[in-house]
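Visitor: Dropping the structure in here first, questions after.
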Amino acid sequence: MISPEDLKLLVRKLSSIEHISDAEKRAVETLPFTKRRLDSGHDIVREKDRPTQCCLILDGWACRYKILTEGKRQIMSFHIPGDIPDLQSLHLRVMDHNLATVTPCTVAFIPHEAVLDITRRFPGITGALWRDTLVDASIFREWMTGLGRRSASGRIAHLFCEMYVKLNALGLAEGYRCEWPITQVDIADALGLSNVHVNRVLQDLRSQKLIALGGRTLVIEDWHGLTEAAEFDPLYLHFDD
């Protein structure tokens, strides 16, 4: 069932990275959209598609990815409720990668025309969406640094820190505990590691009592220790607070 309440999540996301006025918040909440429930592993948008709408993740997790000719998958980012991971399709007409669900997801599809209209009428929203794409680029730079220079342990610890901070900012995590639906295969495909190597690192992090992981839940038992292992500085996430 479609409800304006669904778009409050987008308001919360934009407010976490930029101040927007009450009038701008109300405008976002009245955007037209269609809502769909998708199974895990479902492509929301495919490479070479020409989308006419943006998707807002309402619940569940999604990822951007590419497939090489030999069938290997590279995950380039994970996305959580409140994210619009294909926002660039507003101005880049052809998709250059795939966007898929990692878990069952509820997705709101917002027509490009409606998004462009609201940005013309509300410059503050334009600024917030522009800032969101810049933060996206900042996250890509951090991932590139990790893939090129961090150890396997550092990469995985960094991913845990990043996703926890993002979830916490939206009120979707607290007390160093959050949902963790990402599999070892997903982690391997995101961080350029083998499944065996990921398994070994996770055992290592558990034995150091940095994390507990099981039942689709991540518990960070030693935040200071985990951030040290990851060399994690949340500056690159550019939260407004």
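The values are calculated or read from the model by the stated rules, or taken from the named source; none is laboratory data. These figures come from a predicted structure and were not determined experimentally. Positions of Cβ are generated from backbone atoms using ideal geometry, with glycine treated the same way; all protein chains shown enter the neighbour counts.
Visitor: So residue 7 passes all but one of these: (1) surrounded by 14 or more Cβ atoms within 10 Å (Cβ to Cβ); (2) in a loop (DSSP other than H, G, I, E, B); (3) under 21 Å from the mean Cα position of the chain (by Cα). Which condition number does it fail?
Guide: Among (1) surrounded by 14 or more Cβ atoms within 10 Å (Cβ to Cβ); (2) in a loop (DSSP other than H, G, I, E, B); (3) under 21 Å from the mean Cα position of the chain (by Cα), the lone unmet condition for residue 7 is (2).
Visitor: Please go through segment 174-212 and pick out each residue that is surrounded by 13 or more Cβ atoms within 10 Å (Cβ to Cβ), in contact with a strand residue (DSSP E or B) (Cβ under 9 Å, 6 or more places away or on another chain) and either farther than 24 Å from residue 145 by Cβ or assigned by TED's automatic domain parsing to the domain that holds residue 100 (or both).
Guide: Result: 176, 177, 179, 206, 212.
Visitor: Now for a separate question. Does residue 93 meet the test of being over 21 Å from residue 51 (Cβ atoms) and either of a type outside the set (Val, Ile, Thr) or crowded, with 17+ Cβ neighbours inside 10 Å (or both)? Give the steps one after another, and end with the answer.
Guide: On the way: over 21 Å from residue 51 (Cβ atoms): no; either of a type outside the set (Val, Ile, Thr) or crowded, with 17+ Cβ neighbours inside 10 Å (or both): yes.
Against the criterion (over 21 Å from residue 51 (Cβ atoms) and either of a type outside the set (Val, Ile, Thr) or crowded, with 17+ Cβ neighbours inside 10 Å (or both)), residue 93 does not qualify.
Visitor: Of 93, 50, 120, which residue is among the basic types (Lys, Arg) and not in a loop (DSSP other than H, G, I, E, B)?
Guide: 120
Visitor: Restricting to strands (runs of 3 or more DSSP E) lying wholly in segment 123-226: which have 2 or more residues that are more than 30 Å from residue 8 (Cβ to Cβ) and touching a Cys at 6+ places or on another chain (Cβ under 7 Å)? Write out each step before concluding.
Guide: Values: elements: 177-179, 211-214, 217-220.
The strands (runs of 3 or more DSSP E) meeting that bar number zero.
Visitor: Looking at 44, 20 in this structure, which one is surrounded by 14 or more Cβ atoms within 10 Å (Cβ to Cβ), at pLDDT below 95 and either more than 30 Å from residue 235 (Cβ to Cβ) or not charged (D, E, K, R) (or both)?
Guide: Working: 44 fails: at pLDDT below 95.
None of the other options fit; the residue is 20.
Visitor: Which numbered condition trips up residue 102, out of (1) closer than 23 Å to residue 60 by Cβ; (2) free of Cβ contacts under 8 Å to residues at least 24 places away in the same chain?
Guide: (2)
Visitor: If I ask for residues that are under 17 Å from residue 132 (Cβ atoms) and among the polar types (S, T, N, Q), which ones from segment 54-98 would you list? Talk me through it step by step, then tell me what you get.
Guide: Here is the first cut: in segment 54-98, the ones under 17 Å from residue 132 (Cβ atoms) are 54-58, 62, 64, 76-92.
Result: 77, 88, 89.
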